[in-house]
Amino acid sequence: MDFFSQSGLHAAIRSVYEKSGYRRYKMSKFEEYDLYAGNKSFLPSEKVITFTDTDGKLLALKPDVTLSIIKNYRPSDGTEKVYYHENVYRSSDQGFREIEQAGLECLGGVDEYSVCEVLALATKTLLQLSKSAELDISHLGILCELLDGLSETAKKSAVEFIGCKNSGELSKLLDSEDVPAETSERIIALSGIDCPAKEASERLRELLGGYVSWERLQLFCDTCDFLGEEFPGAVRVDFSAVGDLNYYSGIVFRGYISGLSQSVLSGGQYDQLMKRLKKPGRAIGFALYLDLLEPLIASKNGCDFDALLIYDVSSGARSVYDAAKALEAEGKTVITLSERPENITFKEIYRVGKDGAVKIE
């Protein structure tokens, strides 16, 4: 596990996004409650922390960033590419929580390249966290084509069974809905696909040719080929990666890293949410759940800081400052003190020398 320090991680992912033309999005801690009241099913929890403003307006501590970005998106500005690093506020049975998130969104003229770019950035984000990272992708549009004809309730249940890889209950459901045997077999086979992206294309074409839109299938297979070539071993096609049918309409994905069983990144194409908020165009994005990474970042070295920089009180401020900055430039977290502390742990110790910081332990 080769994690960055927390500050190093933030700088690394910010650099990845900005190099691809994404600009920083900043938002207020508050939003009008109505924005969330009408889209609670999009939120991880229906509980929203609210309060009344001085003018009597009901406000909410933001539980989500994507909804705010869509609300403030102006179609006249064309395609918008933004990334964010924000805290969101959620209520649970354990009380109120402040959760740190990062992510990005692409809205407006989203085309095949835009989708590939966002998936590539999601993969790069995971690889910044650990070399043992994996992005799982699927396509709700393809899945919904196969499920066409089912009632909305049955379709939702089918997606839930696929999400938890419950092929037995899925089979029973399809039988109860009188889905033709050949179609049913393909749905069950699709739900079981879990393989490297490069290997998925041929299997998907063979399995779904003639059963779903060839153009949609071809675009997805091309995306799989691209990701398989660009990130060999890091991207898999797994149709258990699903999302809410009311919002997601195309590719959906989840990101995992070694050391954590749950996904630390999730995203997808949320064209339906754009329509719901009366915005033209398409959209795709993802969120990185930084709060889930805290234990791993903190235990990176089992230390509070990467480095302790000790200086003599007679040292010039400039030499101490330059030595600290040089260590920070290497991605290290540095605490600079005139003597060794007893209540702080660190991996390495440096002392300010005539030519900069000199490692002594």
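Where a number appears in this text, it was derived from the coordinates with a stated rule and is not lab data. Values in this document were obtained by computation on a predicted structure and should not be read as measured data. Cβ atoms come from the backbone with ideal geometry, glycine included; neighbour counts cover every protein chain shown.
Below, the figures for the structure above:
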quantity	calculated
Rounded to the nearest 20 debye, dipole of the range 1-139 from Cβ charges on Lys, Arg, Asp, Glu	320
Size of electric dipole in the range 305-359: Cβ of Lys, Arg +1 and of Asp, Glu -1, about Cα centre, debye, nearest 20	80
For the range 305-359: relative contact order, % (alpha-carbon pairs under 8 angstrom, 6 or more apart)	53
Distance in nm between pseudo-label sites at Glu342 and Ser45 (7 Å out along the Cβ direction from Cα)	4.1
Relative packing of 319-328, 335-344, which averages over residues the other C-beta atoms within 10 Å, highest first	319-328, 335-344
Under 28 Å from the Cα of Lys57 - lysines, other chains or at least 8 residues apart	Lys26, Lys29, Lys40, Lys47, Lys71, Lys275, Lys278, Lys279
Residue order, fewest to most surrounding Cβ atoms within 10 angstrom, among Thr79, Thr153, Thr54	Thr54, Thr153, Thr79
Stretch gain in nm, segment Ala154-Glu98, where the contour uses 0.36 nm per residue and the Cα spacing is subtracted	16.6 nm
Dipole of the range 6-298, positive direction: furthest Cα of Cys144, Val82, Gly268, with charges on the beta-carbon	Val82
Listed residues Phe239, Ile187, Ser176: farthest to the positive end of the dipole of the chain (Cβ charges)	Phe239
Top of Gly95, Gly21, Gly285 by mean-square fluctuation, Gaussian network on the chain, Cα under 10 Å	Gly95
Estimated [θ] at 222 nm from DSSP helical runs (n ≥ 4, -39500 (n - 2.57)) normalised by residues in the chain, nearest 500	-12000 deg cm²/dmol
Stretchable slack from Asp222 to Arg205, in nm (0.36 nm times residue separation minus alpha-carbon distance)	5.0 nm
Most mobile of Ser266, Ser45, Ser114 in a GNM of the chain (Cα contacts under 10 Å)	Ser45
Cα-based helix-to-principal-axis angle, 6-19 vs the chain, degrees rounded to 10	60
Residue-span extension gain [Arg318 to Lys19] - 0.36 nm each, minus C-alpha spacing	104.5 nm
Cα centre as origin, Lys/Arg/Asp/Glu Cβ charges: the range 6-298 dipole, Debye	940
Among Tyr321, Gly38, Ser91 - extreme Cα towards positive end, dipole of the chain, charges at beta-carbon	Tyr321
Whichever lysines have a C-alpha closer than 19 Å to that of Lys347, once near sequence neighbours (fewer than 8 apart) are set aside	Lys300, Lys325, Lys332, Lys359
Set of lysines with alpha-carbon distance to Lys198 below 25 Å, sequence-local pairs under 8 removed	Lys124, Lys131, Lys165
Convex hull (Cα only) mean projected area of the chain, reported in nm² to one decimal	23.1
Cα→Cβ-extended label distance, 7 Å offset, between Ala329 and Leu277, nm	4.1
Over the range 6-298, relative contact order from alpha-carbon pairs under 8 Å, at least 6 apart, %	21
